[in-house]
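The next block holds one structure in the form of structure tokens; read it before the comments.
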Amino acid sequence: MNIITYFKQILEQNFNTFIKKYFEKSIYWNKSSDIGNYINFMTDLDSFNLSLITNIIKSYFEYIDEVFFNTSYRKNFCTSKGFYQRTILTLFGEITYKRRYYYDNKTNERFFFTDYFLNLPKRKYFDPFICCEICNEAASSSYSKSGKIVSSKIGKRIDSNITISRASARNIVMRFNIDNIYDYDDRKVERLFVMLDEKFVGSQFNDRKDHMIKAAVIFENTELVYKYKKKTDSIDRYRLVNSHTCASIDNELLNDTINYIYNTYDVDYINEIIFMGDCANWIKNFPKSHWFKFRPNTLVKFAMDGFHFSQALNQLTTQKYPDIKEALNEYVLDNNKHDFTRLCNEFSDLYPDRKDIIENKRDYILNNWNARQLYQNNPYMKCSMESHISHIFADIFTSRPKAYSKKGLRQLLKLRLLKVNGKNIKELYLNQLNSNITLFTNKDEINFDIFEKKVFNFNLSALIKEPTYSIPYDNTYHTSKNNYSIY
């Protein structure tokens, strides 16, 4: 049976059954109403589409093998060891196809040419498109939810029974080889901003110690997006200009931040770098690195953000004493450290049961007084790091009770950063599958006339119009226990 006859059979088996049922044999002249008429038609159409597409894919895969089987190189150097069956899951559904297992007498290599030509990973049930979809979804959803979302895209649209488990989704993500990716540029800016904060995530196998994600958001400026005055106390909304997020659980945040700045900006133009955060010890020490002194006159500043300052005042005074809070805030705005300290001490003496909290928050503000003055006296400084922590990390890692191994969290964190920084995860996943391995060392030794015409330029019109080889399957037929490839 040649390929044209075989393909015509596919069309007849799928098309005729569906068309005859609804366009030749059905009776529509009687007046009746039944939702089953609509349901049956749409369900059968769904099955027709799935069957047609999967059969076309199967035919193409087997056709690739047949064309190579008839090349001069195969005839001269490669021995066929019979057919093996393989099943893969694609976005169109499950595909089961047969392909020959070859032994190259010249190079002593064993291979399935169809799998090699399509660059399908060995012994994998999920095809590359399924895997890249899983990785893309896992950047913003749990493994379980990612599996459900991708499963809903596979095969039948109306009645699909495909389910990708949480474990399968995790295995796919863990196999994704993710490296730091920079858009190499030479931007020229005079001022750069860096926001710093951390997020603690539940751990597994870590002596009950939470993982600490240290994060930095680097941006060039802020710009007004819109004014929102629905409420009297609402403030204007700003967005960060050309922001980039770095994060690490392995104390690599400094290296990642430096690498991003060096690879993105012309550091000779940077006159000032402003760091902002909550004044934790590691955050205050972060700007002290000599790597940020790009030039002898580069200014490196640290400012205490507004959120944590307000939080400290609220914890110091509580909601019961708004007048005390307002007075303390005024002293800070006026840079009046003496009266700020005096009022805190008087407040502590008045409420001795809260003395420890009051003194702790008083010292927190006093120890970072200059950093707070810098922030409040420069309106162009705007720190929204707490919001970034919430949306970037808390949303996926701590919004529901979870715990992660260090290896698993590290991988998910890399994936999340790709998403946040606007990288195309699907494209990155597919690009990493490109292989430089060449089975045939000398192309001139092979007669590629047939192969290039039949496979590289394959399309349905060529399949129908051009002469093709017949498909005489070998008598020997093998299948592995799980229908996967045997390598």
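Worth a mention:
- Search result, residues across segment 255-292 that are assigned to a loop (DSSP other than H, G, I, E, B) and loosely packed, with under 15 Cβ neighbours inside 10 Å: ASP266, ASN271, ALA280, SER289
- Any hit, segment 238-253, residues being assigned to a helix (DSSP H, G or I) and open to solvent by less than 50 Å² (accessible area, probe 1.4 Å): yes
- You will find that of ASP127, ASP104, ASP115, the residue that is under 22 Å from the mean Cα position of the chain (by Cα) and open to solvent by less than 50 Å² (accessible area, probe 1.4 Å) is ASP127 and no other.
- Considering only residues in segment 344-393 that are outside any helix (DSSP H, G or I) and farther than 18 Å from GLU272 by Cβ, the one that is least open to solvent (accessible area, probe 1.4 Å) turns out to be ASN368.
- Segment 46-147 holds strands (runs of 3 or more DSSP E) entirely within its bounds, and those carrying 3 or more residues that are more than 30 Å from GLU12 (Cβ to Cβ), among the hydroxyl-bearing types (Ser, Thr, Tyr) and modelled with pLDDT of 90 or more map to 93-104.
- Comparison of ILE283, ILE273 shows that the only residue that is of a type in the set (A, V, I, L, M, F, W, C) and in contact with a Ser or Thr (Cβ under 9 Å, 6 or more places away or on another chain) is ILE273.
- Here SER168 meets each of (1) loosely packed, with under 14 Cβ neighbours inside 10 Å; (2) within 29 Å of GLU427 (Cβ to Cβ); (3) modelled with pLDDT of 90 or more with one exception, condition (1).
- Matching option when the condition is modelled with pLDDT under 95 and over 41 Å from the mean Cα position of the chain (by Cα), among TYR380, TYR404, TYR321: TYR321
- Filtered residues of segment 385-406 (kept if touching an Asp or Glu at 6+ places or on another chain (Cβ under 9 Å) and under 13 Å from LEU196 (Cα atoms)): MET385, GLU386, HIS388, ILE389
- Every pair of residues 6+ apart whose Cβ atoms lie under 8 Å, when the first sits in segment 268-290 and is within 16 Å of VAL217 (Cβ to Cβ) while the second is of a type outside the set (Lys, Arg) and assigned to a loop (DSSP other than H, G, I, E, B): ILE273/THR298; ILE274/MET381; MET276/ASP305; MET276/MET381; MET276/CYS383; GLY277/ASP305; GLY277/CYS383; ASP278/ASP305
- For first residues located in segment 142-164 and on the phi < 0 side of the Ramachandran plot, partners that are at pLDDT 90 or above and of a type in the set (Lys, Arg) and lie 6+ apart or on another chain with Cβ distances below 7 Å form the pairs TYR143/ARG166; TYR143/ARG170; SER144/ARG166; GLY147/ARG166.
- Tally, over segment 315-334, of residues that are open to solvent by less than 20 Å² (accessible area, probe 1.4 Å) and touching a residue at least 24 places away in the same chain (Cβ under 8 Å): 3
- Taken over segment 161-207, the criterion of being under 20 Å from the mean Cα position of the chain (by Cα), in a strand (DSSP E or B) and among the aromatic types (Phe, Trp, Tyr) is satisfied by no residue.
- Restricted to segment 394-420, and to residues there that are over 20 Å from VAL217 (Cβ atoms) and touching a strand residue (DSSP E or B) at 6+ places or on another chain (Cβ under 9 Å), the residue that is most open to solvent (accessible area, probe 1.4 Å) is LYS406.
- Single match in ALA303, ALA312 (criterion: open to solvent by less than 20 Å² (accessible area, probe 1.4 Å) and more than 33 Å from the chain's Cα centre (by Cα)): ALA312
The values are calculated or read from the model by the stated rules, or taken from the named source; none is laboratory data. Predicted model, so just to flag it, every value in this text is computed and none were measured. Cβ coordinates were reconstructed from backbone atoms using ideal geometry, including for glycine residues, and neighbour counts include every protein chain displayed. Remember, those area values only see protein heavy atoms, side chains included, never the ligands or the DNA or RNA. Shrake-Rupley method; radii C 1.70, N 1.55, O 1.52, S 1.80 Å.
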